[in-house]
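Reading through the structure tokens given below for one structure.
The values are calculated or read from the model by the stated rules, or taken from the named source; none is laboratory data. This one's a predicted model, so the numbers in the text were calculated from it and none came from an experiment. For neighbour counting, all protein chains shown are included, and Cβ atoms are generated from backbone atoms with ideal geometry for every residue, glycine included.
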Amino acid sequence: MTETLPGTQSETLPEFPGVRAEKCPFDPPPRIQALQQDGPLTRVRLWDGSTPWLVTTYAEQKALLSHPQISSDVTRPGYPLSAPRTAGGSLSFILMDDPEHHRQRRMVQGAFTVRRVESMRPAVQRIVDGLIDDLLAGPRPVDLVEAFALPVPSLVICELLGVPYADHDFFQDNSKTIIKRDTTAEERAAAGGRLFDYLDGLVGDKLDHPGDDLLSQVAARVKAGELTRAEAAQMGVLLLIAGHETTANMIALGTLALLQHPGQLALLRESDDPKLIAGAVEELLRYLNITHSGRRRVALADIEIAGQVIRAGEGLIMANDIANRDPAVFPDPDELDLRRDARRHIAFGFGVHQCLGQPLARMELQVVYGTLYKRIPTLTLATDLDRIPFKHDGQVYGVYELPVTW
Amino acid sequence: MKVTVDEDKCCGAGNCVLLAPEVFDQREDDGIVLLLNAEPAGTEHARVREAAAVCPAGAIRIGEGA
């Protein structure tokens, strides 16, 4: 099964991922977004010359992400890889199919129920208030990423997992290496190996001295023979990376987007209505869609959709950033409008792999967006927008630094 | 309106609980959906339909009538 079209044909195809326009750091790459007008499915060319389908529209992305004949198994031929991968090692369950994915996910899902997450809200509010106290007492300007956006979710996920926060430089640096698009396969494997060894050590500690944390629950599954120790450590790596990197980017990029839309920022600053704040979180998730590398799958059987046939073994990329800008679902999709009903967005993906930690992400962002701009009402950018280093090279989008003052 | 849920399909993402907490909850140990009210009052119908539409696993079914 080959996925590569003959050379001359393949070379004219748009490259994926695309390049964002210089003056529009919040919008998807224009060449990719324009493909939506050509229909729901089109071919694109990846870094390795393969030519999977790009699914451009909201309805078809949802239909395919919930289709029983598509696979998330990264080891299957035809899977559209985002970067070179080194064989071997243990895979996390986001790269597996049911029933094994379902079995492993259920072991940790209980920690992220809406009710459990809601019970953590006062603790998250204390963390956010404490970090803002430090900001206000500290020097100006300050890098909001380092001083606030990264510490909030890192402190929260460390507490939940039972990982010592003192190690944050270590796990943040290795996470950053793993999710950069231009990291070599060797560097990625080495960073992954360091995190794996670190979590493996923690799982070992929890086996001997269980605490009241999620990693101890995972270790208990190892003791019960339901997980191997390698699977447990890999699960820890997944939860640790996903738990801080994504939310940190939403905090910093969201703040930058709001500073560029002062009328929208004023809505948040002046409102105490939890519904408005929750709605603002959904709209920022839709508008920014930081997981901008697409949801990737491979077809297990021939699938007919939108007048096309996707053949078994062909790769599929669901570009959820442009689905969330689909005018058929979101009128004036390129407008940031905190008062719109954006709850249907698929920034967390769709199908059985939809983000496991989404209730936690939502709650953290509600606390942050509902607090930061009220406590620092004169918050402003301390540099020009065109000097902000954006994560164009990241699997997850955001900013590397955000100098702010007040 | 008659609501049914498929516990085997449910992936525990919790969207339904956020949208219609009077109708849906989650099991504490593994986050799987708990149906609190299979025949919700008319005031809940819009929220339940939205919950079914956003359920990533297609685990919520709505029968009309009755």
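None of B:A20, B:A52, B:A59, B:A46 is among the small types (G, A, S), within 14 Å of chain A (Cβ to nearest Cβ) and in contact with a Cys (Cβ under 7 Å, 6 or more places away or on another chain) except B:A59.
Considering A:S216, A:S175, A:S154, which residue is under 19 Å from the mean Cα position of the chain (by Cα), in a helix (DSSP H, G or I), modelled with pLDDT of 95 or more and of a type in the set (S, T, N, Q)? Going through A:S216, A:S175, A:S154 in turn, just one is under 19 Å from the mean Cα position of the chain (by Cα), in a helix (DSSP H, G or I), modelled with pLDDT of 95 or more and of a type in the set (S, T, N, Q): A:S154.
If you filter segment A:31-85 down to residues that are within 14 Å of chain B (Cβ to nearest Cβ), hydrophobic (A, V, I, L, M, F, W, C) and part of a helix (DSSP H, G or I), you find that the one that is nearest to A:A312 (Cα to Cα) is A:L64. Do we find that B:D25 is part of a loop (DSSP other than H, G, I, E, B), charged (D, E, K, R), within 20 Å of A:V114 (Cα to Cα) and within 14 Å of chain A (Cβ to nearest Cβ) in this structure? No.
Going residue by residue through segment A:9-24, is there one that turns out to be assigned to a strand (DSSP E or B) and either of a type in the set (A, V, I, L, M) or at pLDDT 95 or above (or both)?
Yes; the residues of segment A:9-24 include at least one that is assigned to a strand (DSSP E or B) and either of a type in the set (A, V, I, L, M) or at pLDDT 95 or above (or both).
Total residues in segment B:28-43 satisfying the condition of being more than 8 Å from chain A (Cβ to nearest Cβ), surrounded by fewer than 17 Cβ atoms within 10 Å (Cβ to Cβ) and over 10 Å from the mean Cα position of the chain (by Cα): the figure is 4.
I need the full set of residues from segment A:86-102 which are touching a residue at least 24 places away in the same chain (Cβ under 8 Å), away from chain B (no Cβ under 14 Å) and of a type in the set (A, V, I, L, M, F, W, C), in order please.
Start the filter on segment A:86-102 by keeping residues that are touching a residue at least 24 places away in the same chain (Cβ under 8 Å), which leaves A:86, A:89-94, A:96-98, A:101-102.
Then keep just the ones that are away from chain B (no Cβ under 14 Å); that gives A:86, A:89-92.
Matches in segment A:86-102: A:L91 only.
Just wondering, is there one or more residues in segment A:260-276 that are on the phi < 0 side of the Ramachandran plot, in contact with a Ser or Thr (Cβ under 8 Å, 6 or more places away or on another chain), in contact (Cβ under 8 Å) with a residue 40 or more places away in the chain and assigned to a helix (DSSP H, G or I)? Don't jump to the end; show me each part of the working.
Taking segment A:260-276 as the starting set, the residues that turn out to be on the phi < 0 side of the Ramachandran plot are A:260-276.
Then keep just the ones that are in contact with a Ser or Thr (Cβ under 8 Å, 6 or more places away or on another chain); that gives none.
Within segment A:260-276, not a single residue is on the phi < 0 side of the Ramachandran plot, in contact with a Ser or Thr (Cβ under 8 Å, 6 or more places away or on another chain), in contact (Cβ under 8 Å) with a residue 40 or more places away in the chain and assigned to a helix (DSSP H, G or I).
Which of the residues spanning segment A:103-117 are farther than 15 Å from A:G243 by Cβ, of a type in the set (K, R) and more than 7 Å from chain B (Cβ to nearest Cβ)? Correct list: A:R103 only.
Here's the yes/no breakdown for (1) farther than 23 Å from A:M96 by Cα; (2) within 14 Å of chain B (Cβ to nearest Cβ); (3) not in a helix (DSSP H, G or I):
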| site | (1), (2), (3) |
| --- | --- |
| A:A278 | yes, yes, no |
| A:L284 | yes, no, no |
| A:H292 | no, no, yes |
| A:L338 | yes, no, yes |
| A:D341 | yes, yes, yes |
| A:R344 | yes, yes, yes |
| A:G349 | no, yes, yes |
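Which ones in segment A:368-397 are surrounded by 23 or more Cβ atoms within 10 Å (Cβ to Cβ) and either at positive phi or out of contact with any strand residue (DSSP E or B) (no Cβ under 9 Å at 6 or more places or on another chain) (or both)?
First, pick out the residues of segment A:368-397 that are surrounded by 23 or more Cβ atoms within 10 Å (Cβ to Cβ): A:368-369, A:372, A:397.
Matches in segment A:368-397: A:V368, A:Y369, A:L372.
With at pLDDT 95 or above and closer than 21 Å to A:A278 by Cβ as the only criterion, which of A:T378, A:T371 stands out?
After ruling out the rest, the residue left standing is A:T371.
Sub-8 Å Cβ pairs linking a first residue in segment A:138-156 that is buried (at least 23 other Cβ atoms within 10 Å of the Cβ) to a second residue that is among the charged types (D, E, K, R) and in a loop (DSSP other than H, G, I, E, B), at least 6 apart or interchain, are A:V145/A:E401, ordered by first then second residue.
Of the residues A:R362, A:R339, the single one that is in contact (Cβ under 8 Å) with a residue 60 or more places away in the chain, surrounded by fewer than 16 Cβ atoms within 10 Å (Cβ to Cβ) and not small (G, A, S) is A:R339. Please enumerate the residues belonging to segment A:18-35 that are over 19 Å from A:L256 (Cα atoms), surrounded by fewer than 22 Cβ atoms within 10 Å (Cβ to Cβ) and either touching a Ser or Thr at 6+ places or on another chain (Cβ under 7 Å) or of a type in the set (F, W, Y) (or both). Passing the criteria: none in range.
Select from segment B:1-17 the residues that are away from every other protein chain (no Cβ under 12 Å) and within 9 Å of the chain's Cα centre (by Cα) and write down the one among them that is surrounded by the fewest Cβ atoms within 10 Å (Cβ to Cβ). Among them, the one singled out is B:T4. Is segment A:319-334 home to any residue that is more than 14 Å from chain B (Cβ to nearest Cβ) and in a helix (DSSP H, G or I)? Yes.
Mind checking which residues of segment A:197-229 are among the small types (G, A, S) and farther than 16 Å from A:S92 by Cα? Let's see the steps before the verdict.
First pass over segment A:197-229, keeping only residues among the small types (G, A, S): A:201, A:204, A:211, A:216, A:219-220, A:224-225.
Result: A:G201, A:G204, A:G211, A:S216, A:A220, A:A224, A:G225.
So which residues in segment A:117-137 are in contact (Cβ under 8 Å) with a residue 40 or more places away in the chain, crowded, with 18+ Cβ neighbours inside 10 Å and assigned to a helix (DSSP H, G or I), if there are any at all? Please lay out each step first, then the result.
Initial filter on segment A:117-137 (in contact (Cβ under 8 Å) with a residue 40 or more places away in the chain): A:117-118, A:120-121, A:124-125, A:128-129, A:132, A:135-136.
Then drop every residue that is not crowded, with 18+ Cβ neighbours inside 10 Å, which leaves A:117, A:120, A:124, A:128, A:132, A:135.
A:V117, A:V124, A:V128, A:I132, A:L135, listed by residue number.
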